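Asks: Okay, handing you the structure first.
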Protein chains: 2
Amino acid sequence: MLGPVELGRKARDAAACLAQAPAALRDRALEEMAAALEANVKPLLAANEKDLQQAAQSGRTDAFLERLTLTDKRVLSMAQGLRDVRALPDPLGRVLSGWTRPNGLFIEKRTVPLGVIGIIFESRPNVAADAAALCVKSGNACILRGGSDAIHSNTAIVSLLRGALEKAGLPADCVSLLEDTSREAARELMGLRESLDVLIPRGGASLIRSVVENAKVPVIETGAGNCHVYVHSGCNDFAMARRVIVNAKTQRPSVCNAAESLLVDEAIAEAFLPECIKELTALGVEIRGCEKTCALLGGLAVPASEEDFFTEYNDLILSVKIVSGLDEAIAHIRKYSTRHSEAILTNDRAAAERFLNEIDSAAVYVNASTRFTDGGEFGFGAEIGISTQKLHARGPMGLEQLTTYKYVIRGDGQVR
Amino acid sequence: MLGPVELGRKARDAAACLAQAPAALRDRALEEMAAALEANVKPLLAANEKDLQQAAQSGRTDAFLERLTLTDKRVLSMAQGLRDVRALPDPLGRVLSGWTRPNGLFIEKRTVPLGVIGIIFESRPNVAADAAALCVKSGNACILRGGSDAIHSNTAIVSLLRGALEKAGLPADCVSLLEDTSREAARELMGLRESLDVLIPRGGASLIRSVVENAKVPVIETGAGNCHVYVHSGCNDFAMARRVIVNAKTQRPSVCNAAESLLVDEAIAEAFLPECIKELTALGVEIRGCEKTCALLGGLAVPASEEDFFTEYNDLILSVKIVSGLDEAIAHIRKYSTRHSEAILTNDRAAAERFLNEIDSAAVYVNASTRFTDGGEFGFGAEIGISTQKLHARGPMGLEQLTTYKYVIRGDGQVR
């Protein structure tokens, strides 16, 4: 079992080779990776069964076990995911711009891989295959570090992927797994400045906080989404507004682009809110309201604390606040939001433009559900996560966000 | 004297205002800032004099005092720098791309400011004005933290800039100075996750290491340059090669894009190296050579240690290694380089292409001096630093690299 330092060294060498591999070779590797998963459903399920038994014994919740479980269908869908990524356009070697300087130097800015990407994730084993696919396609080596609960599943998956890489003629070390799932090893990985170019945590708030606190390599923060939907007084289509709110809150409440907080203008609160809340509570949503909301809704809402407005529930709970208008809505979102996705529902064009301009989030919507903040929905084909920081990438990160650029400069003896 | 937390809070509010300020208003502020410096040369020089006296008393080197010194000419050149930045195109609100999804959602990706930028720098007071100019132009608030040696100069400069911002109708807190130059305050600034969007250290290796070790906010590393020039056996213009090497090493040895290491193919070493080294030593350059180099050059070189090849001298010293060919040159650079800038000198097109592709540095050159890795030389108009990391920005960072993007999505009630 190799430690982070050795894995890093091998990954760096593999990355140098992978960065020079033509697109056809990277695509062949992805095809081999897909075929290897398909041909080994039984051993994968057997490995997963070991994880499931251990998790059940240690009293994990049903939701946890559900995330951890592989099935025939899930394995085949992982394989399909690899083929979907293979079918995407090559993100490497694109010339972003080029120009000639007065001294005759020709400068070209072209896309290249980041290098070695560390990915720290939790209990879903499919992340191993999904992340590896995006990294191989974009010419990056990756070091995966999954949760200890999924170690048998992850080991089995990564072992198949490595075999497939070799079969295709690429180094197995393009994809590796940190099998030591201790905290010390994770911390060592986060400090691997000589080998890692970037670290992407994929998981809950506490994982991301731990990575941000401990990492010495550049990090892309992902996934914290305290998303707001704001119904502005200029909204004249309440049915549309209810549909968007119900979708944003309930269509998949566990994910980061689900709405967690509803703001409603005072001028329309009485006309709009009761019916909307009735629809939500009928779907099992608990409402935590500000004072005015509770007064208006009576038994349908419980009082929200200050902490509620900061909370990403990832559950069928919604905080609700009645605001005096656009200014208060913008100020509220500025204070409580994680800058992931926010939506205004209105037919007032000027109000919409102000919201779009002044809300400082990765994705700002007018008259649509926050659930669209997603690589697939944006048309990126796949995503490695949704960035909530501003450096490098913001919002859904597809293949393009797994590249950087280099300047290639041609001269004939120029000096300064 | 405000601490980092209060400064951060004020900067965040100012940033929200500045982000909405039209280009004309930001430009007016830059003009006022330039005028304020020009109108106050005497008080600035008086403040600088206090710093110079203290630094002289504490026995600082002449080179240090030289960097710290302001003169009439330097103040006027700072003002001119502000006007040069004002004249650059507005980097904000550019639509990078836009597309309509099959469900009718229209997605637009447009440039916005990063938000609040922390800049930690050392003894050159002109950095305060230069960095503030780039931040204001790009709609970012900044918190400056200079060295304690320059505190009187920095306080005087920033106070003038803040007055000018107010005069133009923008919040003074768009630019602020952390007057507490203690380490504790610096560390607090580096952890200011609720206010700072990015931290850019500008200075020597130890400053950058300290920021990378301590920061909890995203960092852009700048400035470490162990740059290589490689003379390939296919080079048939030795005069050109000597000219480039002499320029890269001696034209300004103290900066990060100066060459620190020379690699020469064995096949041409005898024909090329002695004359080249004679030129360099005549200009005062000390040569630290590998065994073969020393054997060839005799008294002109001293033996290089392993450490020498890792070293960014920033001085008139050059490490020299004779290599067997392109493979060894690439492997050597891969091992020792800081991935800033590297050049190959050759007339062999295939060798040049391999070098350009396989060397993983921010800027790779064929037949030109590494000294061109510079925002001005690239045509960016100005630069805030030269990034040696791969996340967000690589190489010279101009106004574009001080922006991020947001997705603006317009719908008419779309749900998933």
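Asks: Could you check which residue among B:SER341, B:SER305, B:SER369 shows the biggest mean-square fluctuation in a GNM of chain B with a 10 Å Cα cutoff?
Replies: B:SER305
Asks: Are there cysteines in chain B with no other Cys C-beta under 4.7 Å, and if so, which?
Replies: Here B:CYS17, B:CYS174, B:CYS227, B:CYS235, B:CYS256, B:CYS276, B:CYS290, B:CYS294 come out as lacking a disulfide-compatible partner, given the Cβ-Cβ threshold of under 4.7 Å.
Asks: In terms of modelled amide H atoms, which long-range or inter-chain residues lie less than 5 Å from the amide H of B:VAL198?
Replies: Those lying under 5 Å, H to H, from B:VAL198 are B:VAL116, B:GLY118.
Asks: Sticking with this one: For segment A:161-315, what's the relative contact order in percent, using C-alpha pairs closer than 8 Å and at least 6 residues apart?
Replies: The value is 16 percent.
Asks: Quick one: check the C-alpha center-to-center distance for segment A:283-311 versus segment A:312-389, whole angstrom.
Replies: If you average the Cα positions of each part, the centres end up 20 Å apart.
Asks: So, with +1 on the Cβ of K and R and -1 on the Cβ of D and E, and no other charges, what is the size of the charge dipole of chain B about its Cα centre, to the nearest 20 debye?
Replies: Using Cβ point charges on Lys, Arg, Asp and Glu, chain B gives about 1320 debye.
Asks: Need the C-alpha centroid separation for segment B:77-146 versus segment A:187-207, integer Å.
Replies: One Cα centre to the other: 28 Å.
Asks: Right, another one. Suppose you put the label 7 Å out from Cα in the Cβ direction; list, shortest first and in nm with one decimal, how far A:LEU65 is from each other copy's label.
Replies: The projected label point of A:LEU65 is separated from its counterparts by 7.8 nm.
Asks: Here's another thing I want to ask about it. Give A:LYS216/B:LYS50; A:LYS42/A:LYS167; A:LYS321/B:LYS137; A:LYS167/A:LYS406 a once-over and call out the pairs whose C-alpha atoms are over 26 Å from each other.
Replies: Exceeds cut-off: A:LYS216/B:LYS50; A:LYS321/B:LYS137; A:LYS167/A:LYS406.
Asks: How large, in Å, is segment B:227-376 by the Kirkwood hydrodynamic radius built from its alpha-carbon pairs?
Replies: 14.8 Å
Asks: Under a 5 Å amide H to amide H cut-off, with H placed in plane at 1.01 Å, what residues pair with B:SER233 once short-range neighbours are removed?
Replies: B:ASP265
Asks: If you don't mind, there's one more thing I want to ask. Just to be sure I understand: chains B and A are related by a rotation, so which residue of B has its Cβ closest to that axis, and how close in Å?
Replies: Per the Cβ-to-axis criterion, the result reads B:HIS392, 2.
Asks: Taking a label point 7 Å from Cα toward Cβ, how far is A:SER324 from its twins in the other copies, in nm, shortest first?
Replies: Distances between equivalent label points, in nm: 7.8.
Asks: Size of the dipole of segment A:1-145 about the Cα centre, Lys and Arg at +1 and Asp and Glu at -1 on the beta carbon, nothing else charged, in debye to 20?
Replies: 460 debye
Asks: Starting from the Cα of B:ALA39, move 7 Å in the Cα-to-Cβ direction to define the label point; list residues of segment B:18-32 whose amide nitrogen is under 11 Å from there.
Replies: Once the point is set 7 Å along Cα→Cβ of B:ALA39, B:32 turn out to lie under 11 Å by backbone N, inside segment B:18-32.
Asks: For A:377-390, what's the mean count of beta carbons from other chains sitting within 10 Å of each residue's beta carbon?
Replies: Average per residue, whole number: 3.
Asks: With only alpha-carbon pairs counted, each pair once and no self-pairs, how large is the Kirkwood hydrodynamic radius of chain A in angstroms?
Replies: The answer is 23.2 Å.
Asks: Compute the helix-to-body angle for B:23-38: its Cα long axis versus the longest principal axis of chain B, expressed 0 to 90° and rounded to tens.
Replies: 70 degrees
Asks: Identify, among B:ALA87, B:ALA186, A:ALA132, the residue whose Cα sits farthest towards the positive end of the charge dipole of the protein assembly as shown, taking +1 on the Cβ of Lys and Arg and -1 on the Cβ of Asp and Glu, with the dipole about the Cα centre.
Replies: Projecting each Cα onto the dipole axis, the largest value belongs to B:ALA87.
Asks: Here is a further query. Under 5 Å between amide H atoms, partner at least 5 residues away or on a different chain: which partners does A:ALA343 have, H built in plane at 1.01 Å?
Replies: A:HIS228, A:VAL229, A:TYR230, A:TYR365
Asks: Also, I was wondering about something else. Using only the alpha carbons, work out the radius of gyration and Dmax of the protein assembly as shown in angstrom.
Replies: 28.4, 94
Asks: Might you report the magnitude of the Cβ-based charge dipole of the protein assembly as shown about its Cα centre, with Lys and Arg at +1 and Asp and Glu at -1, to the nearest 20 debye?
Replies: 800 debye
Asks: Pick from A:ALA46, A:ALA23, A:ALA35: which is most flexible by mean-square fluctuation in a GNM of chain A where alpha carbon atoms under 10 Å apart are linked?
Replies: Residue with maximal mean-square fluctuation among A:ALA46, A:ALA23, A:ALA35: A:ALA46.
Asks: Taking every DSSP beta bridge that has both residues in the protein assembly as shown, what percent is antiparallel when rounded to the nearest 5?
Replies: 30 percent
Asks: For Cα pairs less than 8 Å apart in space and 6+ apart in sequence, what is the mean separation divided by the residue count of segment B:198-273, i.e. the relative contact order in percent?
Replies: 30 percent
Asks: Same structure, new question: Summarise the partner chain shielding of A:362-371 as one whole number: the mean count of Cβ atoms from other chains within 10 Å of each residue's Cβ.
Replies: 6
Asks: Efficiency by 1/(1 + (r/R0)^6): what FRET value for B:GLU108 and A:GLU275, r their Cβ-Cβ distance, R0 = 35 Å, to the nearest 0.05?
Replies: Between B:GLU108 and A:GLU275 the formula returns 0.60.
Asks: I want to check the label-to-label distance for A:LEU96 and A:GLN251. Put each point 7 Å from Cα in the C-beta direction and report it in nm to one decimal.
Replies: Placing both labels 7 Å along Cα→Cβ, they lie 3.2 nm apart.
Asks: Another question, if that's okay. Between copies, how close do the A:SER77 label points come, placed 7 Å along Cα→Cβ, listed in nm from shortest?
Replies: List, nearest first: 6.3 nm.
FYI, it's all coordinate maths here, none of it is from the lab. Small disclaimer: the values here were computed from a predicted structure and weren't measured. Using ideal geometry, Cβ is built from the backbone for each residue, glycine included, and neighbour counts are taken over all protein chains shown.
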